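Derivation of every value follows stated rules applied to the coordinates shown; laboratory data play no part. Quick caveat: nothing in here was measured; it's all calculated off a predicted structure. Positions of Cβ are backbone-derived with ideal geometry, glycine not excepted, and every protein chain shown enters the neighbour counts.
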Amino acid sequence: MPGIVQKSIEVGRCSVNCLKAGNASGRDILLLHGMSFQAQTWRDLGTLDALGGAGYDVTAIDMPGFGLTKKCGAGPDAVLSGVIEAEAMRKPVLVGPSMGGRISLNFALDYPDLVGGLVLIGTVGVEENRGRLRTVRVPTLIVWGGNDHIASISNAELLNREVAGSKLLVIDGARHPAYLDAPELWHRELLGFLKENFG
């Protein structure tokens, strides 16, 4: 397995903690996290190893106030654009569960030229962007838990209906953090989506 390296990325006044793995010449994948999680979650789950082992250039970040990144006054868009610039990422695929999904979706809507793809897992705040969802023009995978009591399955269906060409995966019996309940299925579907759309 490729090694996982911890580093800090300076974004304005922020020192953003991240974990990196994979091939520097591979497709850029940027992993965000939910409200109760952090970059380390992706290491523990094996997602960093799975993506790195498949040849992708994967970076998992702690947003300000989470994990090892201190609060610094920068908004999510500034942090993401700063990380993308600092790491010279080429239209990364953003992977975001829950809060991270909201951040990823908002960023893709506000900065479409900086994003190459989206993986949205139990994303919260979908309704607030209802009027703009049809403007998403990148490959999109939507993952939801069949027993998600935090983000309604109707939001998954809304995303799937409005985002052209998107794929919806509902994991039966899974909770809000569906990827934690079915890691093997999650990794298989994620890698399949990436291979199909990005090689």
Quiz item: Tell me, which longest segment in the chain has none of the trypsin sites (Lys or Arg not before Pro) that fall in DSSP loops with at most 16 further Cβ atoms within 10 Å?
Solution: 14-69
Self-check item: Compactness of the chain - radius of gyration and Dmax, Cα, Å
Solution: 15.3, 43
Self-check item: Set of lysines near K70 by C-alpha distance (under 17 Å), chain-local residues within fewer than 8 positions excluded
Solution: K7
Quiz item: Within straight cross-link reach of K71, meaning Cα distance under 14 Å, which aspartates and glutamates are found once same-chain residues fewer than 8 apart are removed?
Solution: E10, D62
Self-check item: Long-range HN-HN contacts of V119 with modeled amide H, under 5 Å
Solution: L94, V95, G96, L141
Quiz item: Hey, rough spin-label estimate for S154 and E196, points 7 angstrom out along Cα→Cβ, what's it come to in nanometres?
Solution: 2.7 nm
Self-check item: region 5-198 - charge dipole about Cα centre, Lys and Arg +1 at Cβ, Asp and Glu -1, debye rounded to 20
Solution: 240 debye
Exercise. Rank V119, N106, G82 by how far each Cα sits towards the positive end of the charge dipole of the chain (+1 on Lys, Arg Cβ; -1 on Asp, Glu Cβ) and give me just the farthest.
Key: G82
